[in-house]
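**Q** This is the structure I have questions about; it appears just below.
The values are calculated or read from the model by the stated rules, or taken from the named source; none is laboratory data. Here the structure is a predicted model, which is why all the values come from computation and not from measurement. Cβ coordinates were reconstructed from backbone atoms using ideal geometry, including for glycine residues, and neighbour counts include every protein chain displayed. For accessibility, only protein heavy atoms count, side chains too; no ligands or nucleic acids. Shrake-Rupley method; radii C 1.70, N 1.55, O 1.52, S 1.80 Å.
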Amino acid sequence: MYDLIVIGSGPGGYVAAIRAAQLGMKTAIIEKYATLGGTCLNVGCIPSKALLDSSEHYHNAAHTFENHGINLSSLKVNFKQMVSRKRDVVKQNVEGIQYLMKKNKIDVHQGIGSFKDKTTIIVTKEDGKTEELTTKKTIIATGSKPANLPFIKLDKDRVITSTEALELKEIPKHLVIIGGGVIGLELGSVYARLGAKVSVVEYMNGIIPTMDKTMGKELQKSLKKLGFEFYLKHKVTAVERKGKEVTVSAENSKNETISIKGDYVLVSIGRKPYTDGLNAAAAGVKVNDKGQIEVDENLKTSADNIYAIGDVVKGAMLAHKAEEEGVFVAETLAGQKPHVNYLLIPGVVYTWPEVASVGYTEEQLKEKGIKVKTGKFPFMASGRARASGDIDGLVKVLADAETDEILGVHMIGPRAADMIAEAVVAMEYRASAEDIARMSHAHPTYTEAFKEACLGATDNRALHL
């Protein structure tokens, strides 16, 4: 009998298991695949960042090195090696998780976990053999999988999801991406830097539509420099493959049908919760019509001893959100009183420039009727950005017009993914824009742009504009 069994070994699942083990619980984890780490480590965050870094190195060598006084000849892409390095990065990370399981004395059971009842879980192994495990508590952390449109046939060869996009055998000549969200733009960046033509078809009137609109507009400008073309406010109506050519048909805002032909089509319209094979009903766990497992404010399901976290429940589908929830549940089970502030879970797009955001968007604050002061600072005016040649983008700070409390920070620029942490800390401690404006920031650094944006929100006092 286990104190806790976690179903799924992604960032939410394995972190929950580690924290539970630290707190003295006899813990096991069930994973259907041969490797631990879930989507994030195997076919998501980690491999995509490995390819993003490799392709960025190549792009800089081809386009910016000469300006830095570095002359190269016979530059070419060894795409096979790029993918091989990506696999090695994944392998090292996965092995790291296996080590952490052993270190924390967490039992790992490989197979599909399904409920027999609310305290009994059947693990079905690849060879069909089964074993029964009993547990006092369970955390469901089964994650998500790529979503699709009903009329699109994913052949996983030319019509692909993000999973296949990480394992292509060649650089596409023309990659058509359905969806202008985070995953599609990141993978589009990889291939655009390596020479592919990239076309993005997006139903909404802007890319990264869930983020502050300024970020989408700025990112679109930067991606156009990479050669991206955008079809905004276009509704995809058909995807047809003939040989090595795939045609995407879409209707524009005037109800005119256009056709875009490419050699690969990446369907990137988001992700959906994954509960296949779980047999949740046998444990009394309710799943809503969106496929999400229903939970209360403590992430408890309709079964009193079963919890659910991460992509399989409501909220942003982010690895770090799942981690926070995993720790939250483990600590709750141990009788502690943890807290997750969902407003302060940052969102990041790992294009270049990077985009990062935390708190409310300007649009959300307008809807709420909250009056704000806005401070903006462009990287064009940053000494550090000029030195590195990364002058695209800006930092935007939204502060309450009366109290000066920072309510939202949105940045697009170099290392924004790392810089957003300062904004998260500031907002966690309810800092005012003036608090940040009066803090010393090392010079020259990219983070000075955050200070300057806060100065801009504080009586328009930016010093370097």
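**Q** Between a residue in the stretch 144-156 that is in contact (Cβ under 8 Å) with a residue 12 or more places away in the chain and any residue that is part of a loop (DSSP other than H, G, I, E, B) and of a type in the set (S, T, N, Q), which pairs come within a Cβ distance under 7 Å, given they are 6 or more apart or on different chains?
**A** Pro146/Thr161; Leu154/Asn148; Leu154/Thr161
**Q** Looking at (1) in contact with a strand residue (DSSP E or B) (Cβ under 6 Å, 6 or more places away or on another chain); (2) modelled with pLDDT under 95, which is the one condition that is false for Ser9?
**A** Going through (1) in contact with a strand residue (DSSP E or B) (Cβ under 6 Å, 6 or more places away or on another chain); (2) modelled with pLDDT under 95 one by one, Ser9 breaks only (2).
**Q** Filter the helices (runs of 4 or more DSSP H) completely within the stretch 344-453 down to those with at least 3 residues that are more than 30 Å from Cys45 (Cα to Cα).
**A** 362-368, 433-437
**Q** Tell me whether the stretch 390-402 contains one or more residues that are without any contact (Cβ under 8 Å) to a residue 60 or more places away in the chain, among the charged types (D, E, K, R), in contact with a strand residue (DSSP E or B) (Cβ under 9 Å, 6 or more places away or on another chain) and open to solvent by less than 50 Å² (accessible area, probe 1.4 Å).
**A** For the stretch 390-402, residues without any contact (Cβ under 8 Å) to a residue 60 or more places away in the chain, among the charged types (D, E, K, R), in contact with a strand residue (DSSP E or B) (Cβ under 9 Å, 6 or more places away or on another chain) and open to solvent by less than 50 Å² (accessible area, probe 1.4 Å): present.
**Q** To continue, here is another question. Within the stretch 280-323, how many residues turn out to be surrounded by fewer than 20 Cβ atoms within 10 Å (Cβ to Cβ), within 12 Å of Thr138 (Cβ to Cβ) and not small (Gly, Ala, Ser)?
**A** The number of residues fulfilling the criteria is 3.
**Q** For the stretch 113-146, give me each residue that is open to solvent by 10 Å² or more (accessible area, probe 1.4 Å) and among the aliphatic types (A, V, I, L, M).
**A** Passing the criteria: Ile122, Leu133, Ala141.
**Q** Of the residues that make up the stretch 44-59, is at least one acidic (Asp, Glu), touching a residue at least 40 places away in the same chain (Cβ under 8 Å) and either within 24 Å of Thr275 (Cβ to Cβ) or in contact with a strand residue (DSSP E or B) (Cβ under 8 Å, 6 or more places away or on another chain) (or both)?
**A** The answer is no, given that none of the residues of the stretch 44-59 is acidic (Asp, Glu), touching a residue at least 40 places away in the same chain (Cβ under 8 Å) and either within 24 Å of Thr275 (Cβ to Cβ) or in contact with a strand residue (DSSP E or B) (Cβ under 8 Å, 6 or more places away or on another chain) (or both).
**Q** Residue under question is Gly408, and the condition is that it be buried (at least 17 other Cβ atoms within 10 Å of the Cβ), within 26 Å of the chain's Cα centre (by Cα), at positive phi and modelled with pLDDT of 95 or more; does it hold?
**A** no
**Q** Give the residue that is most open to solvent (accessible area, probe 1.4 Å), with candidates limited to residues of the stretch 165-193 that are more than 19 Å from Ile269 (Cβ to Cβ) and out of contact with any Pro (no Cβ under 9 Å at 6 or more places or on another chain).
**A** Here the residue is Lys169.
**Q** Still on this structure, please answer the following. Just to verify a result, which residue in the stretch 339-370, among those that are among the aromatic types (Phe, Trp, Tyr), crowded, with 17+ Cβ neighbours inside 10 Å and over 14 Å from the mean Cα position of the chain (by Cα), is nearest to Ser222 (Cα to Cα)?
**A** Among those residues, the one meeting the criterion is Trp352.
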